[in-house]
Amino acid sequence: KNQVEQSPQSLIILEGKNCTLQCNYTVSPFSNLRWYKQDTGRGPVSLTIMTFSENTKSNGRYTATLDADTKQSSLHITASQLSDSASYICVVSAGSGGYNKLIFGAGTRLAVHP
Amino acid sequence: GAGVSQSPSNKVTEKGKDVELRCDPISGHTALYWYRQRLGQGLEFLIYFQGNSAPDKSGLPSDRFSAERTGESVSTLTIQRTQQEDSAVYLCASSLVGGGLYNEQFFGPGTRLTVL
């Protein structure tokens with residue numbers, strides 16, 4: 001069964017600190033892995049997309065890593081800001097081209113406190 | 001419009017009533033998706049439209065759920081005889097094409113459905 005598991009479920013950090021969110025997946029065939037940010041009351045917004053051949057990808061203060069061998073990914077947030085408070089969702093695309101179905105993790109709810 | 005829009009933003013209904021949710025995709029996007037997000041859970045795929053092709057309905061949880069799309073524009077998701085377990089946020093997304101390695105889906109803000 002295709003699954004995406006994220007940890008921790010929730011996290012509280014102080015403004016300016018760094019944090020790392022984890023994602024483990026069992027999806028076959030693997031196409032790509034995405035990290036989304038979902039603010040409360042909003043739809044998810046894409047942060048990064050990586051294929052199996054990419055180990056790391058950055059988007060500003062967000063850096064995603066991917067280990068296709070162990071089927072693990074992480075999202076590192078540097079110098080956190082209050083606006084980083086949101087849910088971060090790991091999404092794995094299953095397929096081999098054409099229409100790919102997305103398998104969503106339950107998300108990690110991050111709260112950044114002043 | 002600049003992004004995907006959905007209406008209503010919130011809907012409260014009584015058990016057994018029918019509800020209709022609307023999605024306006026980004027202009028020019030041929031692919032449209034509906035998802036359900038229950039509290040504390042990941043998004044569940046419901047249905048996918050791509051141009052004039054037959055929709056992929058494999059994610060619809062029961063025959064009480066149906067969706068229509070007019071050409072490559074607005075889509076409506078209908079839930080008949082609503083049940084309390086239907087309470088969730090229903091998200092719509094659209095993309096330029098349905099496939100491809102970097103198929104970027106753009107999400108609307110969702111409709112929060114509460115069935116009493």
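Collect the residues in segment A:52-65 that are in a strand (DSSP E or B) and open to solvent by 10 Å² or more (accessible area, probe 1.4 Å), keeping them in residue-number order.
Of the residues in segment A:52-65, the ones in a strand (DSSP E or B) are A:56-59, A:62-65.
Correct list: A:T56, A:K57, A:S58, A:N59, A:Y62, A:T63, A:T65.
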query = In segment B:47-97, which residues are closer than 15 Å to B:T111 by Cα, open to solvent by 30 Å² or more (accessible area, probe 1.4 Å) and within 11 Å of chain A (Cβ to nearest Cβ)?
reply = none
query = Under the condition of being of a type in the set (G, A, S) and either within 14 Å of another protein chain (Cβ to nearest Cβ) or assigned to a strand (DSSP E or B) (or both), which residue from segment B:15-46 is nearest to the chain's Cα centre (by Cα)?
reply = B:A31
ask   = Where residues in segment A:1-22 are outside any strand (DSSP E or B) and within 13 Å of another protein chain (Cβ to nearest Cβ), which of them is farthest from A:Y88 (Cα to Cα)?
value = A:N2
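Count, please, the residues in segment A:23-49 that happen to be within 22 Å of B:E44 (Cβ to Cβ) and part of a strand (DSSP E or B). It would help to see each step written out before you state the result.
Kept after step one, since they are within 22 Å of B:E44 (Cβ to Cβ), are these residues of segment A:23-49: A:23-47, A:49.
Keeping just the survivors that are part of a strand (DSSP E or B) gives A:23-26, A:30-38, A:45-47, A:49.
Residues in segment A:23-49 being within 22 Å of B:E44 (Cβ to Cβ) and part of a strand (DSSP E or B): 17 in total.
The values are calculated or read from the model by the stated rules, or taken from the named source; none is laboratory data. For clarity, every value in this text was computed on a predicted model and none was experimentally measured. Glycine gets a Cβ as well: all are built from the backbone with ideal geometry, and neighbour counts include every protein chain shown. Please note that ligands, DNA and RNA were not included when accessible areas were found on the heavy atoms of the full protein model with its side chains. Shrake-Rupley method; radii C 1.70, N 1.55, O 1.52, S 1.80 Å.
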